[in-house]
Amino acid sequence: CRDQMHIPRPDVFDFEGITMIHYFTDNWEKVQNFQARPNDILIATYPKAGTTWVSYILDLLYFGQQSPERQSSLPIYERVPFLEFAVPVIPPGTELADKLQTSPRLIKTHLPVQLVPKSFWEQNCRVVYVGRNAKDNAVSYFHFDRMNSVQPEPGDWNGYIEKFMAGNTVFGPWYDHVIGWWEKKKSYSNLLYLFFEDLVEDTGRELEHLCSFLGLSTPIEERERIREGVQFDAMKKNPMANYSTIPVMDFKISPFMRKGKVGDWKNHFTVAQNETFDQHYKRWMKDTTLTFRTEL
Ligand code: A3P
């Protein structure tokens with residue numbers, strides 16, 4: 001890991017109806033006015049749903065055969081800029097995106113669908129959304145908040161799970177996020193909705209889905225090479241994919257590539273917490289056709 005940089009833990013506030021921190025709103029004017037290009041690809045997720053995994057897959061699909069230097073020297077957060085990121089450890093996401101020389105540009109966002117800059121829709125950009133079941137998503141977010149000083153203090157797990165259920169984690173309610181993007185699919189056909197659980201179950205099959213959505217005819221041998229390169233253990237060891245080069249995360253508390261599993265929530269939820277969570281979940285999710293798997 002690089003030396004840690006002192007970044008003060010932010011407070012949360014309400015921003016356009018969702019819980020936010022200033023590190024994601026300080027550059028808001030430029031975010032909102034961001035000029036997307038028709039061949040940009042937007043990777044959208046609720047935090048900790050598999051953003052880095054899918055970003056790395058897309059990067060390899062498009063640029064894996066290019067210069068070995070890119071593969072060995074450019075970390076994933078520079079290859080795939082995080083649009084709303086405005087933390088002074090690296091240039092703001094909009095600036096990194098504007099500077100990208102590659103085409104297509106791959107751009108990451110955690111914004112709920114209603115806050116996405118309108119140029120992405122106007123340009124009919126392709127969008128890949130990744131959803132992850134709420135329980136594992138909450139556990140992963142908890143550990144991430146513990147180790148990442150850009151995020152607010154998470155407190156203990158018991159308090160955290162309440163906060164998650166109340167929709168007060170950064171980027172707002174998981175529930176509204178996954179449903180909002182799911183609903184968008186009805187009116188916007190250039191959107192592929194993937195699931196973390198499907199990726200774990202059969203990465204090769206999901207790679208095929210991605211290729212057909214993106215209109216790529218990546219040869220089987222190359223797809224197989226990518227499938228191997230994006231397995232959890234390979235990415236965990238890869239300093240260009242594992243965030244070890246960014247100075248705001250303390251891997252001694254929890255590594256970015258933590259477990260990469262479906263069902264780790266069982267090691268965190270008490271029986272009582274699980275019952276409360278399930279009841280609450282049913283209420284929030286009662287009107288949607290969207291379903292998740294919490295185990296494989
Ligand atoms: P865990 O904390 O459950 O391990 P994001 O990139 O959206 O921040 O998501 C991070 C989560 O995705 C972490 O989950 C991380 O371990 C997991 N992840 C990243 N790459 C993965 C891979 N190749 N295989 C499985 N899980 C992966």
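Rule-based calculations on the coordinates, nothing more; no lab input. It should be emphasised that the depicted structure is a prediction, and the values quoted were computed from it without experimental measurement. In this analysis, Cβ positions are derived from the backbone assuming ideal geometry, glycine residues included, and neighbour counts consider all displayed protein chains.
Some observations on this one:
- Test: residue in segment 225-233 that is within 13 Å of the ligand (Cβ to nearest atom) and touching a Lys or Arg at 6+ places or on another chain (Cβ under 6 Å): no
- Any hit, segment 240-250, residues being surrounded by fewer than 16 Cβ atoms within 10 Å (Cβ to Cβ), without any contact (Cβ under 8 Å) to a residue 24 or more places away in the chain and of a type outside the set (S, T, N, Q): no
- For residue 150: the one exception among (1) more than 16 Å from the ligand (Cβ to nearest atom); (2) more than 16 Å from residue 54 (Cα to Cα); (3) in contact (Cβ under 8 Å) with a residue 12 or more places away in the chain: (1)
- Under the condition of being among the hydroxyl-bearing types (Ser, Thr, Tyr) and either more than 8 Å from the chain's Cα centre (by Cα) or more than 11 Å from the ligand (Cβ to nearest atom) (or both), the residues counted in segment 31-53 number 0.
- Considering residues of segment 170-185 that are assigned to a helix (DSSP H, G or I) and within 16 Å of the ligand (Cβ to nearest atom) only, the residue farthest from residue 160 (Cα to Cα): 181
- Any hit, segment 269-291, residues being closer than 30 Å to residue 87 by Cβ and either within 15 Å of the ligand (Cβ to nearest atom) or without any contact (Cβ under 8 Å) to a residue 40 or more places away in the chain (or both): no
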